[in-house]
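Nothing in this text is a laboratory measurement; each read-out follows from the coordinates by a stated rule. Since we're looking at a predicted model, the values are computed, not measured. Neighbour counts are summed over all protein chains in view; Cβ atoms, including those assigned to glycine, are modelled from backbone coordinates with ideal geometry.
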Amino acid sequence: MLSRTARLLLAAGLSASAIALGPVATAATATTAHAPSAGHTLPADTRFAVTPDNEAQRQALTDLQHHDLAGAAAMAKLASWPEATWFTSGTPAQVRDQVRATVRTAAAERAVPVLVAYDIPLRDCSQYSAGGAASDAAYQQWISAFAQGVGSSRAVVIVEPDALANLPSDCNATTDPTGTLTAGRIADIKYAVSALEAQPQTVVYLDAGNSQWHSVGDMAQRLIQAGVAQSQGFFLNVSNYQPTDQTDQYGTWISKCLWFATDGPAWAAGHTDYCASQYYSSAAPNDGAPGDAVSPTDASTWHWTDAWFDQNVGTPPPAQLTHFVVDTSRNGKGAWTPAPGKYTGDPQTWCNPPGRGIGATPTAATGVPLVDADLFIKTIGESDGSCTRSTAGPGDPEYGGTVDPAAGAWWPAQALGLVQDAVPTLTFNPRLLP
């Protein structure tokens, strides 16, 4: 039976199947030495699941009720693509039941859900997305229940966005002076990997931030400490806007750095700090001349980092390199840079930047050897928080001084803008069309 939204869209002259719930594109085979068994990979027949009754589908119905057929069509396109399902709170029993319901719904569609575990203590340094479990012990009970909910079902699990890129020791000088909280964070992530990888068909990825955050070596070291070798790999660009090609390049460097410091030459053992990065490469002249040093904001200089890896890492065995996935939910136009001098303080380029667009649609056929999938991990249309860009606020000057919705709140205008500015142009999921 057609849903009410589908019937209304059909009445509006749109294809009801445009918002039908179902799987998407066939995935490419992905293997890695870090996968404990064949069940912990994304095989060639993987299809990602569309979340039932998602925000975009509900917005399409609202737009139709207000006779906004163009808005309804845009939201119907968005609703036809798979996005990750986030689990951010609740008791262990509640999250177990919620996860179980999600994976069972996906299984009925013969599809694989992408699940986000987001309940780590001191989440987001108690800022816009503050929250999380009350203690390490509480978190470990919660993530154990999460894993029980997955059970023997197929699932991709994104473990705690920002948890490694934003450790308690990164929050401020007084948050974790003894390092106890950071040690607990690492232990929590390792526990999560162990609990989730114990399930026979989970594919687990750990946080590696984005290409404009930590250096390659720093991020590789954090991943090693958190047990990335026992997982499928890591994820990049969640809730961020960095271009896919630069993200792929950064991720490939991290993967090679992991190999270099663990399975590479004897002189490199344990030394992720030797790895070149988006900030510095000893292979560059570094003589002050334009283009003769690596700049994180000028990807045309990144060939110097490639050169370092060519000289020092060479070509590792492909099966020994760690794989990763990329969030392409909002990076169609790349990162935002305000006009020079517009803001005297932090412009919060990561926070609801204007004029962005959706990027490449979810697929595991990425064409990049180490990239298992491009995914919509951040829920498209949910706010990053109430941004003030170092002004007196409370409004956001990039949106005419209106106050942005709280972090995680649905923002219809932003959702519409991201669809309209998508690169490439967003279409209906072809697998759902007649």
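Odds and ends about this structure:
- Extended-chain gain in nm, criterion 0.36 nm per residue less alpha-carbon gap, T174 and T315: 46.5 nm
- Total charge dipole magnitude, segment 335-406, about the Cα centre, Cβ charges on Lys, Arg, Asp, Glu only, Debye to nearest 20: 180 debye
- The chain, helix-only ellipticity at 222 nm - DSSP H runs n ≥ 4, -39,500 (n - 2.57), divided by all residues, nearest 500: -9500 deg cm²/dmol
- Dipole orientation for segment 123-222: of the candidates C125, L181, V193, V193 has the Cα lying most toward the positive pole (charges on Cβ; Lys, Arg +1; Asp, Glu -1).
- Lysine pair count for the chain with Cα-Cα distance under 24 Å and sequence separation of 8 or more or different chains is 6.
- Under-5 Å amide H pairs with N210, H placed in peptide plane, nonlocal only: N237
- Oblate is the label for segment 244-292. Its Cα gyration tensor axes, ordered a ≥ b ≥ c, give a/c of at least 1.5 and b/c at or above a/b.
- Among beta bridges that DSSP assigns inside the chain, antiparallel share in %, nearest 5: 15 percent
- Residue (of N429, G367, T297) at the positive-pole extreme of segment 284-434, dipole from beta-carbon charges: N429
- Degrees separating the helix 136-150 axis from the principal Cα axis of the chain, which is the longest one: 60 degrees
- Segment 59-162 - charge dipole about Cα centre, Lys and Arg +1 at Cβ, Asp and Glu -1, debye rounded to 20: 420 debye
- Global form of segment 283-402, assessed from the alpha-carbon gyration tensor, a/c cut-off 1.5: oblate
- Residue order, fewest to most beta carbons within 10 Å, for L223, L61: L61, L223
- Three-way shape label, segment 245-352, alpha-carbon gyration tensor, a/c 1.5: oblate
- Lys/Arg +1, Asp/Glu -1 at C-beta; the chain dipole; positive extreme among L42, Q242, G71: G71
- For the chain, averaging the sequence separation of C-alpha pairs within contact (under 8 Å, six or more residues apart) and dividing by the residue count gives a relative contact order of 17 percent.
- 3J(HN,Hα) along segment 259-268, derived from phi through the Karplus expression 6.51 cos²θ - 1.76 cosθ + 1.60 where θ = phi - 60°, amounts to 5, 4, 8, 10, 10, x, x, 4, 5, 9 Hz, with x in place of Gly and Pro.
- Here the chain is assigned +1 on the Cβ of each Lys and Arg and -1 on the Cβ of each Asp and Glu. Its dipole about the Cα centre then comes out at about 1260 debye.
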